[in-house]
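One structure is given below, encoded as structure tokens.
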Amino acid sequence: MRVALLGFGGVGRALARLLLAKRDDAPFLVTAILTRSHGWWVDASGIDLAGALSRSELPSRGASPAIGDLPCDVVVEITTLDARTAQPALGHVRAALRARKHVVTANKGPIARAYRELRGLAAANGRLLRFEATLSDCLPVFTLRRAALPLAEIRALRGIVSSTTNHILSAAARGVSFSDALAEAQRLGIAEADPSNDLEGHDAAAKATILANVLMDADIRMEDVRRAPIDEAAARDATLAARDGARVRPIVEIRRAAGAVSASTGPRRLDPLDPLYAVDGWSMALELDTDLAGKVVVQLHDPHVEQVAYAVLTDLLEIAGY
């Protein structure tokens, strides 16, 4: 199966390393790599991934080929995130599906902003759209839904879906200052230089929108999600809660009531019996409240960029029929 990579930053390079390590088991041939600032490389017979990883610049410069002209079966969309506008990723996904190519994306913007449209476009063209990495690295949520909960109704969702804000509140409980915890997240490359998307809840709102629309068949927008910031006040609350044996966590909550779905995100105080209480540091988790399977909780412990790449690979494997 021929694969085109749109973007070759941290996730793209981690995916390339993973494909090289698993080349005897993963039936994929990378035939195109397109970047915004570092050139592009197209070779229908297959790109030398080891060579691509050794380069800071790809061999071709100037305008890259149109997505529809790429010699590939699957487009992997991993360009720079803009969750608020979803561009240019949304345009890339639309173009790939219209060209009758499968799509895997780690970019939450298109799924948060246009899931129903893209789902319809994929179905109309007989192609698959997969996006496991958009939520919480490789936390198995959408795969879990398809494989283990196909007939269950998901009535509510609750979880920790931001490594950055969970780390900040976890550190505050240990007496670390808000600014020091944020600086560590930025030093490790987990938080952006401008952390407002995480701290103001825009990133969590995008993820809440995806969860509601994909898993509960809602039709909400990011702007419909009620947001409370993770700020100095939330960090102080986390410090005080720890003295009482409680914890403050950045929680996304989605519920259906009277036929309508509502979503919110912000700091919440949890007692020790709460299943999310022990989800500490960089870790993330999601609780699904279902009619048939009861409450199901999944957790991902201390993820890194390699786990995002693995989520992309699992989507590729599903498309390939594994």
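We did not get these values from a lab; they are worked out from the coordinates using the rules stated. Since we're looking at a predicted model, the values are computed, not measured. Glycine also receives a Cβ, built like all others from the backbone with ideal geometry; neighbour counts cover every protein chain displayed.
Quick notes
- From least to most packed, judged by other beta carbons within 10 angstrom and beginning with the fewest, 314, 85 follow the order 85, 314.
- Using Cβ point charges alone (K and R +1, D and E -1), the dipole size of the stretch 171-247 about the Cα centre works out to roughly 340 debye.
- Mean residue ellipticity (222 nm) of the chain, computed from DSSP H runs ≥ 4 via -39,500 (n - 2.57), nearest 500: -11000 deg cm²/dmol
- Taking the C-alpha atoms only, the angle from helix 108-124 to the longest principal axis of the chain is near 50 degrees.
- ³J(HN,Hα), Karplus 6.51/-1.76/1.60, whole Hz, each residue of the stretch 229-244, x for Gly, Pro: x, 9, 9, 4, 5, 5, 5, 5, 4, 5, 5, 5, 4, 4, 5, 9
- Between 175, 136, 154, the Cα set farthest toward the positive side of the dipole of the chain (charges on each charged residue's Cβ, about the Cα centre) is that of 154.
- DSSP finds beta bridges in the stretch 147-300, and of those with both partners inside it, around 95 percent are antiparallel.
- Note on residue 295: lysines with a C-alpha under 25 Å away, same-chain residues under 8 apart excluded, are 207.
- For the stretch 26-32, backbone phi angles converted through the Karplus equation (6.51, -1.76, 1.60; θ = phi - 60°) give residue-by-residue couplings of 9, x, 10, 10, 7, 10, 7 Hz, Gly and Pro being listed as x.
- Charge context of residue 133, other residues only, Cβ under 12 angstrom, K/R +1, D/E -1: -2
- Tensor-based shape of the stretch 204-290 (alpha-carbon gyration tensor, a/c under 1.5 rounded, otherwise prolate or oblate): prolate
- Global form of the stretch 17-95, assessed from the alpha-carbon gyration tensor, a/c cut-off 1.5: prolate
- Cβ-based exposure ranking for 1, 222, 216, in which fewest neighbours within 10 Å come first: 1, 216, 222
- Between helix 163-173 and the chain there is an angle of about 30 degrees, using the helix long axis and the longest principal axis of the Cα atoms.
- Burial ordering of 135, 97, 317, fewest other beta-carbon atoms within 10 Å first: 317, 97, 135
- Separation in nanometres of the label points that stand 7 Å from Cα toward Cβ, at residue 223 and residue 271: 4.0
- Label assignment, Cα extents along the principal axes in Å derived from the structure, set (1) 62, 43, 35; (2) 57, 39, 39; (3) 52, 43, 40: (1)
- Between the stretch 183-206 and the stretch 281-314, the Cα center-to-center distance that results, in Å: 19
- Measuring nothing but alpha carbons in the stretch 147-300 and taking Rh as the Kirkwood radius, the Rg to Rh ratio lands at 0.98.
- Of the beta bridges in the chain, as assigned by DSSP with both residues counted there, near 65 percent are antiparallel.
- Computed magnitude of the charge dipole of the chain (debye, nearest 20; Cβ of K, R +1, Cβ of D, E -1): 620
- Using alpha-carbon coordinates, inclination of helix 305-319 to the longest axis of the chain, degrees: 60
- Under the Karplus curve 6.51 cos²θ - 1.76 cosθ + 1.60, θ = phi - 60°, whole-Hz ³J(HN,Hα) for the stretch 195-212, x wherever Gly or Pro sits: x, 4, 4, 6, 5, 8, x, 5, 4, 5, 5, 4, 5, 4, 5, 4, 4, 5
- Full extension of the segment from residue 179 to residue 296, taken as 0.36 nm per residue of separation minus the current Cα-Cα distance, would add 38.7 nm.
- Rounded to the nearest 20 debye, dipole of the stretch 147-300 from Cβ charges on Lys, Arg, Asp, Glu: 340
- Residue with peak Gaussian network fluctuation, the chain [Cα springs, cutoff 10 Å], from 224, 24, 203: 24
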